[in-house]
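Accompanying notes for the structure given below.
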Amino acid sequence: MNEASQPADAAEPSPNRPSMSPCIVATAYHWPRPGAVLELLKPITWFPPMWAYLCGFVSTGVSLEGKGVALLAGVLLAGPLVCATSQAVNDWFDRDVDAINQPERVIPSGRMPGYWGLYVGIAWSALSFMLAASLGSVVWQAAIVGLLLAWAYSAPPLRLKNNGWFGNLAVGLCYEGLPWITGAAVLLGGAWPGSHILWIALLYSLGAHGIMTLNDFKALEGDRIEGVRSLPVQLGPERAAWLACAVMAGAQAIVILLLVGWGQTWHALVIGAMLAAQLVAMRRLLTDPEQFAPWYNATGVSLYVLGMLVCAFALAGMGAPG
């Protein structure tokens, strides 16, 4: 942490990393610029946990009639609150890396001055806590775990992000598993969902470990300089891409086998077709992981999340399983 007497984005540059552009310090403000808070919270990143929450809702097989308020409250909790909290916290503690990789981001650019990034992370954590408490004990517990993981991922002393094995697992749980369980719990009146739902939520969380590995390719240069041991840094781009593909495909293969064993053969076939299309896309990804990782995130990952919804409908067809 920088000295308390200085704003984080105005700190003296370390001799081991490039200094920020002089215009960053010169244009720093006392208050965030218009739109800076929303930019910090990154609405584009809210989709995965909101989608997983919706899948949890669907997977229970319980009628949605009269559940509109609960659906909206949970979507708000999963995306604009808990996920947005993780984005604010991550950007605050990653401000030095971002000054290398993406100096145009809201904190290193000076549009979110001083300690405002940290203040937003704390405020959004409190808002998330309060809304979760109003939705029942299971939702509250899941939200607390999600918030703890969000801070542990980015903040010292744990800073799970410094090791891709642990950090990616934490993000996978926050983005897929916990929102899925939360959505199911809300529709079940605050009760824990059955084991079928828990297993599926866990498997898609593990598969998301691979998605996060591919996401780390965009920060490869800054991670190397700052000593962040993402899997592309630890293993090299080629081996990390192979691992990501194996994790994503393996998790979905187990889901398919479980659905067949539970008598949901048609849903398993649909997910199998989506997995086959992903395998084709993976072949292109592996030819040049650094170039094609963003492309795969827009194609193969889309098929991955569509498969989640298909799986949710399969669970719904089983009736609220135990």
Next item on the list: Within the stretch 118-130, count every residue that is under 22 Å from Trp192 (Cβ atoms) and buried (at least 19 other Cβ atoms within 10 Å of the Cβ).
Entry: 1
Next item on the list: Among residues belonging to the stretch 280-309 that are hydroxyl-bearing (Ser, Thr, Tyr) and either free of Cβ contacts under 8 Å to residues at least 40 places away in the same chain or not in a helix (DSSP H, G or I) (or both), point out the one that is surrounded by the most Cβ atoms within 10 Å (Cβ to Cβ).
Entry: Thr299
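Here's the yes/no breakdown for (1) closer than 22 Å to Phe93 by Cβ; (2) in contact (Cβ under 8 Å) with a residue 60 or more places away in the chain; (3) of a type in the set (A, V, I, L, M, F, W, C):
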residue	(1), (2), (3)
Pro32	yes, yes, no
Phe47	no, no, yes
Cys55	no, yes, yes
Leu76	no, no, yes
Leu81	yes, no, yes
Check: Among the residues of the stretch 112-130, how many are more than 11 Å from Ala88 (Cα to Cα), of a type outside the set (Phe, Trp, Tyr) and in a helix (DSSP H, G or I)?
Finding: 4
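Quick grid of which residues meet (1) of a type in the set (Ser, Thr, Tyr); (2) modelled with pLDDT under 95; (3) in a helix (DSSP H, G or I); (4) more than 30 Å from Gly236 (Cα to Cα):
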{"site": "Ala132", "(1), (2), (3), (4)": "no, yes, yes, yes"}
{"site": "Trp140", "(1), (2), (3), (4)": "no, yes, yes, yes"}
{"site": "Trp151", "(1), (2), (3), (4)": "no, no, yes, no"}
{"site": "Gly190", "(1), (2), (3), (4)": "no, yes, no, yes"}
Next item on the list: Assess whether Thr213 counts as being modelled with pLDDT of 90 or more, among the hydroxyl-bearing types (Ser, Thr, Tyr), within 22 Å of Val228 (Cα to Cα) and buried (at least 24 other Cβ atoms within 10 Å of the Cβ).
Entry: yes
Check: Is it true that Val69 is farther than 24 Å from Ala36 by Cβ, assigned to a helix (DSSP H, G or I) and out of contact with any helix residue (DSSP H, G or I) (no Cβ under 7 Å at 6 or more places or on another chain)?
Finding: yes
Next item on the list: Select, from Ala314, Ala293, the only residue that is farther than 18 Å from Ile211 by Cβ and hydrophobic (A, V, I, L, M, F, W, C).
Entry: Ala314
Item checked: When residues of the stretch 299-322 are limited to those that are among the hydrophobic types (A, V, I, L, M, F, W, C) and at pLDDT below 90, the one farthest from the chain's Cα centre (by Cα) -> Met318
Next item on the list: Could you check Ser109 against (1) closer than 28 Å to Ser230 by Cβ; (2) assigned to a helix (DSSP H, G or I) and say which number it fails?
Entry: (2)
Note to self: I need every pair where a residue in the stretch 152-180 that is surrounded by fewer than 19 Cβ atoms within 10 Å (Cβ to Cβ) has its Cβ under 8 Å from the Cβ of a residue that is assigned to a helix (DSSP H, G or I) and β-branched (Val, Ile, Thr), sequence separation at least 6 or different chains.
What the structure shows: Ala155/Val89
Next item on the list: Taking the options Val186, Val145, name whichever one is out of contact with any Asp or Glu (no Cβ under 7 Å at 6 or more places or on another chain), surrounded by 20 or more Cβ atoms within 10 Å (Cβ to Cβ) and part of a helix (DSSP H, G or I).
Entry: Val186
Note to self: If I filter the stretch 200-213 for residues that are in contact (Cβ under 8 Å) with a residue 40 or more places away in the chain and aromatic (Phe, Trp, Tyr), do I get at least one hit?
What the structure shows: yes
Check: Of Ala312, Ala273, Ala277, Ala246, which residue is buried (at least 19 other Cβ atoms within 10 Å of the Cβ) and out of contact with any strand residue (DSSP E or B) (no Cβ under 6 Å at 6 or more places or on another chain)?
Finding: Ala312
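The values are calculated or read from the model by the stated rules, or taken from the named source; none is laboratory data. A quick note: this is a predicted structure, and the numbers were derived from the prediction, not measured. Don't worry about glycine lacking a Cβ; one is built from the backbone with ideal geometry, like all the others, and counts go over all protein chains shown.
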